[in-house]
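A quick write-up on the structure given underneath.
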Amino acid sequence: MQPAGRARRANALRRGLRAASWRGVIPVVGLIGVLVTWNSKPPAVILAVLGVVLASSVLAAVHHAEVVAHRVGEPFGSLALAVAVTVIEVGLIVTLMVSGGSDTATLARDTVFAAVMITCNGIVGITILVGAVRRHVAVFNAEGTATALATVATLATLSLVLPRFTTSRPGPEFTGGQLAFAAVASLALYGLFVVVQTVRHRDYFVPSGPDALPDQGAHAEPPSRRHALASLLFLVIALIAVVGLAKIESPAIEDAVGAIGAPPSAVGVVIALLVLAPETLAAVRNARRDRVQISLNLAFGSAMASIGLTIPAIAVASIWLKGPLELGLGATQIVLLAITVVVGALTVLPGRATVQEGGVHLALLAAFLFLAINP
């Protein structure tokens, strides 16, 4: 039995090394693809190859994020992935706004709102659906999840709703002072939440009840510090590759969007879907392992990071950006945001949810996506 056991461990080690090698090579290939094709118009064949690399980079990012999460523990793992994705997303938004001029006046608004709807309805909905199908009821910590939702709602209102109703400047825009206030308030609220999540009330954001049941890797030894640092490096490379490849694929996406008669804002929705794919896959994998709380941490943490980091960055960049900066949502978007917050509150406050709640959130996501294409 002992030789057989050693053989199984050796085979498992070899499979793990092969997987780690594959997941380390793909992000580098994706980054090289970004560097080679940036600011160019690749032919259709190259775009198809880059699309495959993009999908593979998403899978690699999820793997490396899980390695880092296993090393640092929750909720630091989900926080690291959310912040890493958002920092790179902010860099992409600022880059596009600097080069796009007045044509990108609503880019920040459209991207941030799409991220909020995808995370608070898409990731939350599929997480609850997967968790509830597996155990009939998805159980999570109401205190921490409700706090996260309240923070998302406040950030979204301060940064995306109020510009529609302020009167100091015509149109859905903030004045310089109002934008500075929104930026400082967003950064302060996000920073306060990070302290609450990781220091003062960390137990509110870790799995409890049925979520605490161990999964297949629960008793595995944490990766070494060297292994975790390597995964962190590959995670950053993979996320840069995902965002960069999404940008390169955007002209083809724009052509497809124009072909179906959808408005230009739909392009931002498609790119947001691609950028958030690593977090979505990570959330689904955690929900399948009965770790619904971690999936919800990813969802609401990503929404908060998207607003709390993007708005301050845009406020600073607006010093040299030319053209208007429209942050105020339209009437349809405000309605969708309001119903999302109400439904989200009814979902998280009991600390338990069924497939019905998951279906409601996914229906709201479907409505957002449909109206983005057919406003």
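All of the numbers you see were taken from the coordinates with simple rules; none came from a lab. What you are looking at is a predicted structure, and each value in this text was computed from that prediction instead of being measured. As a convention, Cβ positions derive from the backbone with ideal geometry for all residues, glycine included, and neighbour counts pool all protein chains shown.
Odds and ends about this structure:
- Protection proxy ranking of 311-322, 44-55, 272-283, 152-163 - average other beta-carbon atoms within 10 Å, highest first: 272-283, 152-163, 311-322, 44-55
- Counted by Cβ distance under 15 Å from Pro163, the other residues give a net charge of 0, where Lys and Arg count +1 and Asp and Glu count -1.
- Peptide ranges 245-251, 299-305, 119-125 listed from the most packed, as the mean C-beta count within 10 angstrom indicates: 299-305, 119-125, 245-251
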